[in-house]
Amino acid sequence: MRRSAVTPEPGYKSHFIPRTRAGRWATIVFLALFALTQPPFVYWFANRITPWIGGMPFLYVYLLVLYFCLIGVLLWAQRRGV
């Protein structure tokens with residue numbers, strides 16, 4: 001008999017749930033950093049252009065730093081084998 005695509009195998013664990021402590025840590029940090037790039041937080045924290053940093057408005061520098069941090073978390077997770 002063919003198994004349904006909805007019915008998981010016995011002992012099945014979802015690959016969406018991190019199994020290691022490092023995986024949980026990477027997921028939490030990634031989601032927290034990603035949340036800081038979304039509209040409510042950007043409007044509260046970084047919705048200004050007056051302080052120019054390195055010739056760029058503060059908003060661009062804020063988002064650039066967060067995106068580099070997000071990439072750093074992904075690279076760290078890859079090196080750890082999470």
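The values are calculated or read from the model by the stated rules, or taken from the named source; none is laboratory data. In this text, all values refer to a predicted model and were calculated from it rather than measured experimentally. No Cβ is skipped: glycine too gets one built from the backbone with ideal geometry, and neighbour counts run over all protein chains shown. These area figures cover heavy atoms from the full protein model, side chains too; ligands, DNA and RNA do not enter into them. Shrake-Rupley method; radii C 1.70, N 1.55, O 1.52, S 1.80 Å.
For the chain, what is the mean residue ellipticity at 222 nm derived from helices alone (per DSSP H run of n ≥ 4: -39500 (n - 2.57); sum divided by total residues; nearest 500 deg cm²/dmol)? Don't skip to the answer; put the middle values down first.
Values: 3 runs with 45 residues, N = 82.
It comes out at -18000 deg cm²/dmol, rounded to the nearest 500.
Residue by residue through the range 59-67, what is 3J(HN,Hα) from phi via Karplus (6.51 cos²θ - 1.76 cosθ + 1.60, θ = phi - 60°)? Round to whole Hz and write x for glycine and proline.
4, 5, 5, 4, 5, 4, 5, 5, 5
With the full set of protein chains in place, find how many percent of the accessible area of the chain is carbon and sulfur; take the probe as 1.4 Å.
Whole-percent figure for carbon plus sulfur exposure: 68.
Can you give me the Cα centroid spacing of the range 12-34 and the range 63-82 in angstrom?
Cα centroid to Cα centroid, the span is 13 Å.
Work out from phi, with θ = phi - 60° and the Karplus expression 6.51 cos²θ - 1.76 cosθ + 1.60, the ³J(HN,Hα) of each residue of the range 13-25, listed in order in whole Hz, and give x for Gly and Pro.
10, 5, 7, 7, 9, x, 9, 10, 5, 5, x, 5, 4
Set Lys and Arg Cβ to +1 and Asp and Glu Cβ to -1, take the dipole of the chain about its Cα centre, and tell me which of Thr50, Leu70, Pro39 lies farthest positive.
Leu70
In the chain, which longest range has no chymotrypsin sites (Phe, Trp or Tyr not before Pro) that are both DSSP loop (not H, G, I, E or B) and surrounded by at most 11 other Cβ atoms within 10 Å?
With chymotrypsin sites (Phe, Trp or Tyr not before Pro) excluded where exposed in loops, the chain gives 17-82 as its longest stretch.
For the pair Val29 and Phe58, how long in nm is the line joining their label points, each one 7 Å along Cα→Cβ?
A separation of 2.7 nm, rounded to one decimal place.
Before I look further, what does the chain give for accessible area per residue, probe 1.4 Å, in whole square angstrom?
85 Å²
Taking the Cα-to-Cβ direction at Phe68 and at Arg48 and moving 7 Å from each Cα, how far apart do the two end points lie in nm?
2.1 nm
How large is the dipole of the chain about the Cα centre if only Lys and Arg carry +1 and Asp and Glu carry -1, each at its Cβ, rounded to the nearest 20 debye?
Roughly 420 debye, rounded to the nearest 20.
Within the range 8-82, report the trypsin sites (Lys or Arg not before Pro) that DSSP leaves as loop and that have at most 11 other Cβ atoms within 10 Å.
Sites meeting the loop and neighbour criteria: Lys13, Arg19, Arg48.
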